[in-house]
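Working notes for the structure below.
The values are calculated or read from the model by the stated rules, or taken from the named source; none is laboratory data. From a predicted model like this one, the values you see are computed outputs, not experimental measurements. Note: ideal-geometry Cβ built from the backbone for every residue, glycine included; neighbour counts use all protein chains shown.
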């Protein structure tokens, strides 16, 4: 995904890029229904795109940062025909 939007997070939010979801095909090659959702892990790795000025650990972040995030707390929003995933800083478990 290209991050062409001028979105700037505020209120301790971070804009993150999630990993590409796996296709709905089993190891044996059987196609699963489009609405089938395999069990997702609770914690995922996410690339950090931008962050609010008041993020509590912003001095540890740079443009290459990847974080471990509580996946259940990721919020998906649509702005200017672009999907943006955000999470508050207290749901970042660690930085890789």
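Residue 76 passes every criterion in (1) touching a strand residue (DSSP E or B) at 6+ places or on another chain (Cβ under 6 Å); (2) touching a residue at least 24 places away in the same chain (Cβ under 8 Å) apart from (2).
Taking the residues in segment 50-71 that are in a loop (DSSP other than H, G, I, E, B) and in contact with a helix residue (DSSP H, G or I) (Cβ under 6 Å, 6 or more places away or on another chain) as candidates, determine which candidate is nearest to residue 9 (Cα to Cα).
Going residue by residue through segment 50-71, those that are in a loop (DSSP other than H, G, I, E, B) are 52-57, 61-65.
Those still in the list that are in contact with a helix residue (DSSP H, G or I) (Cβ under 6 Å, 6 or more places away or on another chain) too: 55-56.
Details: 55: 10, 56: 13 Å.
In this case the residue turns out to be 55.
Scanning segment 72-85 for residues that are at pLDDT 95 or above and either within 10 Å of the chain's Cα centre (by Cα) or assigned to a loop (DSSP other than H, G, I, E, B) (or both) yields a total of 6. Residues that are closer than 15 Å to residue 94 by Cβ, in a loop (DSSP other than H, G, I, E, B), out of contact with any strand residue (DSSP E or B) (no Cβ under 7 Å at 6 or more places or on another chain) and modelled with pLDDT under 95: does segment 20-42 have at least one? Yes; the residues of segment 20-42 include at least one that is closer than 15 Å to residue 94 by Cβ, in a loop (DSSP other than H, G, I, E, B), out of contact with any strand residue (DSSP E or B) (no Cβ under 7 Å at 6 or more places or on another chain) and modelled with pLDDT under 95.
Just wondering, is there one or more residues in segment 43-52 that are more than 26 Å from residue 6 (Cα to Cα) and modelled with pLDDT of 95 or more? Before you say what the answer is, go through the steps one by one.
We begin by selecting, within segment 43-52, every residue more than 26 Å from residue 6 (Cα to Cα); these are 43.
Among the residues that remain, those that are also modelled with pLDDT of 95 or more are: 43.
Yes.
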